[in-house]
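Engineer: Below you will find the structure I want to go over with you.
Bear in mind that the values in this text are calculations on the coordinates, not laboratory data. Bear in mind the structure is a predicted one, so any value in this text is a computation, not a measurement. As a convention, Cβ positions derive from the backbone with ideal geometry for all residues, glycine included, and neighbour counts pool all protein chains shown.
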Amino acid sequence: MKGNYIIFVIIIGIMGFSIVLLGKNTIAVNPKPEIETLANLAESMNGTISSWSLHTREPIQSEKIGQTVRKLQAEFSHWAWSKNTNSNESSYSAVSTKGNIRQTIQIVSNENEQSYVLYTVEGSDLKKENLSFIHGGFEENYSKIFSHHPLVFSCIKGKFNGKLKEVLSNQVSSMMTALNAKETEALKEDNLYSISAYSKQFSQSLPLKEKRMNLQIGLREEQLDANTSFVIGTPIITVEY
């Protein structure tokens, strides 16, 4: 059951990462970072956040790999750089850890001549200091790394008190109402539940068949206590649960 659910998330994730949309062509409805909107909603409904992440990916031309690596190594010279090469792909990675925030840059080229730059930020809470980084440091690094304003995939993970059925009828229902979100797809398996939806309050979205989506909520009922784990992402979930 869990394996099937992870496959669903990965398939949707691959679909999303294969599409490049320019931020210049979207209208920012909400001036706050979207991960902050998700966190505020979850916490207002007595959710406890255990981790969060931001993922951004942009394709680059294979012949520009060397130029891109040199540029980013100069721009982020104080980060820890490494190179990894195997039979399928070659990659350069840079890591910076400060407090509970870990940032990673990857420049990847594979045997299919698909090259891209990936910027990932992960943290364990969204208190004032980390929110200040998202408003400042993340946006500054994003503008240095990328050329074409790729999508930012935002995810939070945590727990709600209560069993799955209770959380669906209370927290999730209230969250969908607060975001004026319309469900586009749902998947249910025993103690697992996933909702895909669309809300005009988020500036980014992805096509889903004949509709658009920009919100996913994944729930998993804990077996040992009366809690339900959640993962909430926009425009999609990009982590396993």
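Engineer: In a solvent-free Debye calculation with one equal scatterer on each Cα, what is log10 I(q)/I(0) for region 96-241 at q = 0.11, 0.17, 0.20, 0.21 Å⁻¹, listed in the order of the q values?
Structural biologist: With no solvent term, the Cα-only Debye profile gives -0.52, -1.12, -1.30, -1.34.
Engineer: Apply 1/(1 + (r/R0)^6) to the Cβ-Cβ distance of Ser173 and Gln114, taking R0 = 45 Å, and write down the FRET efficiency to the nearest 0.05.
Structural biologist: Computed FRET efficiency for Ser173 and Gln114: 0.65.
Engineer: Moving on. Using only Cα atoms, find the angle between the long axis of helix 2-17 and the longest principal axis of the chain, and express it within 0 to 90 degrees, rounded to the nearest 10.
Structural biologist: Here the helix axis deviates by roughly 50 degrees.
Engineer: To the nearest 10 degrees, how steep is helix 65-75 against the longest Cα principal axis of the chain, on a 0 to 90 scale?
Structural biologist: So the helix axis and the longest Cα principal axis differ by about 80 degrees.
Engineer: Modelled label-to-label distance, Lys71 and Lys83, 7 Å Cα→beta-carbon offset: nm?
Structural biologist: 2.0
Engineer: Evaluate the charge dipole of the chain about its Cα centre and quote only its size in Debye, nearest 20, assuming +1 on the Cβ of each Lys and Arg and -1 on the Cβ of each Asp and Glu.
Structural biologist: On the way: 24 positive and 24 negative charges, 75 e Å.
For the chain, the charge dipole is close to 360 debye.
Engineer: Follow-up question, since we're still on this one. Once you put a point 7 Å from the Cα of Ser62 and another 7 Å from the Cα of Asn180, both along the Cβ direction, what distance in nm separates them?
Structural biologist: Those two pseudo-labels are separated by 4.7 nm.
Engineer: Could you line up Lys98, Lys163 from fewest to most neighbouring Cβ atoms inside 10 Å? Before the final figure, lay out each step's value.
Structural biologist: Working: Lys98 10, Lys163 15.
Lowest count first: Lys98, Lys163.
Engineer: Which three numbers, in whole Å and largest first, are the semi-axes of the equivalent ellipsoid of region 2-234 derived from its Cα gyration tensor as √(5λ)?
Structural biologist: Details: eigenvalues 202, 75, 66 Å².
Ellipsoid semi-axes (Å, largest first): 32, 19, 18.
Engineer: Quick one: if you stick a label point 7 Å off each Cα along the C-beta vector at Lys127 and Lys211, how many nm between them?
Structural biologist: 3.9
Engineer: Measure nothing fancy, just the Cα-based angle from helix 34-44's long axis to the longest principal axis of the chain, in degrees from 0 to 90, nearest 10.
Structural biologist: The angle comes out at about 30 degrees.
Engineer: OK, next. Identify which of Asn86, Asn161, Asn214 has the largest mean-square fluctuation in a Gaussian network model of the chain, with springs joining Cα atoms closer than 10 Å.
Structural biologist: Between Asn86, Asn161, Asn214, it is Asn86 that shows the largest mean-square fluctuation.
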